[in-house]
Amino acid sequence: MSSLCRNSLILMTAFALLAGCDREARDVRGKPFGETVPGPSPDTIFPGGAPRGALDPRLAAYGRNAYAISQGQQLFIRMNCVGCHAHGGGGMGPALMDAQWRYGGRIDQIAATIAEGRPNGMPSWRGKLTNQQIWQLAAFVRSLSGQEPKDAVSARADELSNTPPETQTRREPVMPADSAQQ
Amino acid sequence: MRRLWVGVIAVLVLVVIVAAVLWSKNNRSPDQSSGPAQASAFKAVPSSSASPPDDGNWTMPAKDYAATRFSGLNQITPANAAKLQVSFTFSTGTTEGFEAPPLVVNNTMYVVAPWPNNVFALDLTKPGAPTKWVYKPNPAAAAKGVACCGPVNRGAFYWNGRIFLNLLDGNTVAVDAASGKEVWRTKLADIQKGETITMAPLVAEGKVLVGNSGGEMGVRGWLAALDAGSGKLAWKAYSTGPDKDVLIGAGYRAPYPQDQGRDLGVTSWPPGYWKIGGGAVWGWVSYDPALKTIYYGTSNPGPWNQQQRPGDNKWTAGVFARDIGTGQARWFYQSTPHDLYDHDDINEILLVDYPIGNGQRIPAIIRPSRNGFFYVQDRRTGRVLSAKPYGYGNVYKGVDLKTGRLIPVGGMEPVPGRAVRNICPASPGAKDWNPSAFSPVTGLVYIPHLNLCQDMGVSNANYIPGTPFVGADVKMYAGPGGNRGVFTAWDPVTQRKVFEIKEDLPLWSPALATGGGVVFYGTMDGWFKAIDARTGKLVWQFKTGSGIIGQPISYRGPDGRQYIAVPSGVGGWAGAIVSADLDARDPTGALGFNNAVKDLPKRVSPGGMVYVFALPK
């Protein structure tokens, strides 16, 4: 077998293998979701222990989704989230890269926090961002503590490379109530 | 015989007089006999009208209008300070950065807490200093979200039977000092625009002077004067915009040409940017009762990304002198034109009579600025007499005394896509808000300050009202030598340091100088230290429960003894990593301060206590 032939075969095999990698299912041409930001339901305790509602399956399009997370990453800087929360370490606002979730770490809980704000200084972004943008931001916020798969987060950042790449972020433990959704 | 007696008595009297003169010469304090450089004729002295003799009280954060933070009480000396012991303690119930000094007036101590800004009056005449009253102003919780550097408060002010203080959510209140009842409340700042108030007010001539915070939030800076009786607005002077808003009129005489001209607060900005350009007034105000003039500095321009605001960005990062009655500007000097690194100019301004040779003295302001230079200025004109570096820096060559302009080192401007490394001093400057103290005994200024450098990268910031308007990523670290804090004793006349103490952690606590020749300050890991004012030798230290970033004070108790009080509660910009539980893994956290104090969470925990010390009875 000539070396050219052998190389071509290797290349073709590699392409075939790559094609088999299903990184994420993204419906690029589909109809827009009729997505809505849920009302504020940050709590994880329910009298009598009633099970909390399951996550809307459509929201899977935001978590584990490279496009949504990178859009959220951009918004995080452009909408000045970074001014308060830094690149996850916090400042005026709480840290987002640690294991502590004041108002819940599920994507719908984070989206509710962004949409409605919180009384200790988190502004309400309802009407300032589209619902889609809020979900994208929520997905990115989760990635700051390593909750999103490494193949979906961006290895590059737009800012001064002071912070380690997101792909190096250790996954923080999450509360049991949230972990069911992982 | 009678004549002989008269002669003997005369001789005796003469001998006594000569002996007294000789004795008094021999007993001069060591600083006066230690050499010509420190002889009293060559010492700066606090301006007497702004610094009356000590009455044992502590009625304002700066101790007096001249901002000396000097207590004349002299029972505690380097010789006996080692015997200091805790007299009583008091908890505010807060865990945020505790910067405000307690006030002591007529045997009552007034303690002002960080948000929620509760005020406690303690009866010093009774054992354990029980609470007389508590005032709870209930400021909005949301204000905490727009306070750049922790929901701190820098102190209250006692004047004419009332306590004046500012609430984080933008209100100024007057409280009856006897009953704790609120007398009036005036809303000045709007948290929806990112404004908060953290500074201590200054009250003089029946006016309460208050400025806004929010240089990182795209606010437009101002200083307001309220009527102390009614709380009604008397005047408001903006730091940016047209002359009529800045209160620049016919009486304005700037010392240098770059500060002369019409509407420079508009024309030194890109169109419209002055409306969101910062210049907040969150620091210290001094007052000269003889000249009826106030002196204060303005904050950094916004955003930190300098490329978005070409121009000198007036009237940010400079010092205003204003008539207290009308607010009209007398002069302005811009310490850091077109600030590149968040070098606010809000630090304390001390009023002294400054020797200029030939036995002459001029009224001067002396001030360690955030850009790293110790300025001596004629306070009648603003003209700079000297500006020598008191800390390490590599981004400014110096101050041109002819033009008054700061000379930047070229090529150190961060622009989008090009980060700049090793900027010294870092954003909090060679020294941040925590004020120095001046001792007329030694003639020295005691400066608690920083030795930090940083990397900085910028990007275009979007202005969204009520959110940070910064556009910069910063990562701070220790400067040369590895120590993050420095305590410097500076001679303002010879313009050199006399001694310095290297501190491992950044120094965020103000200093206190006392008549006994002892100087006090605290460290962020909780040590409260007493040093010999002449040598810097540590004579006593005590480990408080949390970190010290608050102002120590000294007062005379009802028993006639000298007491020292200090707040302990780490926080503020430097201590946010502890008080706000930030994540040390992100070096850019707390606007880059995280990286410089990564070890702090292991060394100290939050708190909110006042410790009071005295010598044993």
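Rounded to 0.05, the FRET efficiency of the residue B:243 and residue B:181 pair, given R0 = 41 Å and the Cβ-Cβ distance, is 0.50. Pair-distance distribution P(r) for region B:522-601, from all Cα-Cα distances in 10 Å bins starting at 0: 18, 36, 28, 14, 4, 0 percent.
How long is the gain from residue B:460 to residue B:205 if the chain were fully straight, where each residue apart is worth 0.36 nm and the alpha carbon distance is subtracted? This chain segment gains 87.4 nm when fully extended. Take A:102-115, B:584-597, B:139-152, A:120-133 and order them by the average number of nearby Cβ atoms within 10 Å per residue, most first; the result is B:584-597, B:139-152, A:102-115, A:120-133. Roughly how tilted is helix B:2-26, in degrees to the nearest 10 and between 0 and 90, from the longest Cα axis of chain B? Here the helix axis deviates by roughly 30 degrees. Close amide H partners of residue B:204, meaning residues 5 or more places away or on another chain with modelled amide H under 5 Å apart, are B:209.
The mean sequence separation of alpha-carbon pairs under 8 Å and at least six residues apart, normalised by the residue count of region B:86-614, gives a relative contact order of 13 percent.
Any idea what log10 I(q)/I(0) is at q = 0.07, 0.09 Å⁻¹ for the protein assembly as shown, Debye with uniform C-alpha scatterers and no solvent? For the protein assembly as shown, the Cα-only Debye profile gives -0.53, -0.83.
Phi-derived couplings, Karplus 6.51 cos²θ - 1.76 cosθ + 1.60 at θ = phi - 60°, listed residue by residue for region B:208-214: 9, 9, 9, x, 9, 10, x Hz, with x used for Gly and Pro.
Note on chain B: Cα-only Rg and Dmax are 24.0, 102 Å. Across every pair of non-identical alpha carbons in region B:474-514, the mean reciprocal distance, once inverted, gives a Kirkwood radius of 11.8 Å. Could you work out, for region B:352-403, what percent of all Cα-Cα pairs fall into each 5 Å distance bin, beginning at 0 Å and stopping at the bin that holds the largest distance? Per 5 Å bin, starting at 0, the Cα pair percentages come out as 5, 21, 26, 23, 15, 8, 3, 0. Mind running the shape call on region B:156-306? Use the C-alpha gyration tensor, a ≥ b ≥ c as the square roots of the eigenvalues: rounded below 1.5 for a/c, prolate if a/b tops b/c, oblate otherwise. Note, shape of region B:156-306 comes out oblate. Using Cα-only point scatterers and the Debye equation, what is log10 of I(q)/I(0) for region B:119-185 at each q in 0.14, 0.15, 0.19, 0.29 Å⁻¹, rounded to two decimals? Reported log10 I(q)/I(0), two decimals: -0.48, -0.54, -0.79, -1.27. What FRET efficiency do you get for residue A:60 and residue B:397 if R0 is 51 Å and r is their Cβ-Cβ distance, rounded to the nearest 0.05? E(calc), rounded to 0.05, equals 0.30.
When B:504, B:455 are sorted by how many other C-beta atoms sit within 10 angstrom of their C-beta, beginning with the fewest, the order is B:504, B:455. For peptide B:454-465, the mean count of partner chain Cβ atoms within 10 Å of a residue's Cβ comes to 3. Legend: mean number of C-beta atoms from other chains within 10 angstrom of residue C-beta atoms, peptide B:416-425, equals 1.
Counting Cβ atoms of other protein chains within 10 Å of each Cβ in A:114-122 and taking the mean gives 3. Each label was represented as a point 7 Å from its Cα along the Cα-to-Cβ direction; for residue B:106 and residue B:55 these points are 1.0 nm apart. Ranked by the mean number of other Cβ atoms within 10 Å of their residues, highest first, the peptides B:511-523, B:108-120, B:357-369 fall in the order B:511-523, B:108-120, B:357-369.
Along its principal axes, region B:282-336 has C-alpha extents of 42, 18, 17 angstrom, given from the largest down.
Readers should treat all values here as calculations from the given coordinates under stated rules, not as data from a laboratory. Everything quoted here is computed from the prediction, not taken from an experiment. We place every Cβ from the backbone using ideal geometry, glycine too, and count neighbours over all the protein chains shown.
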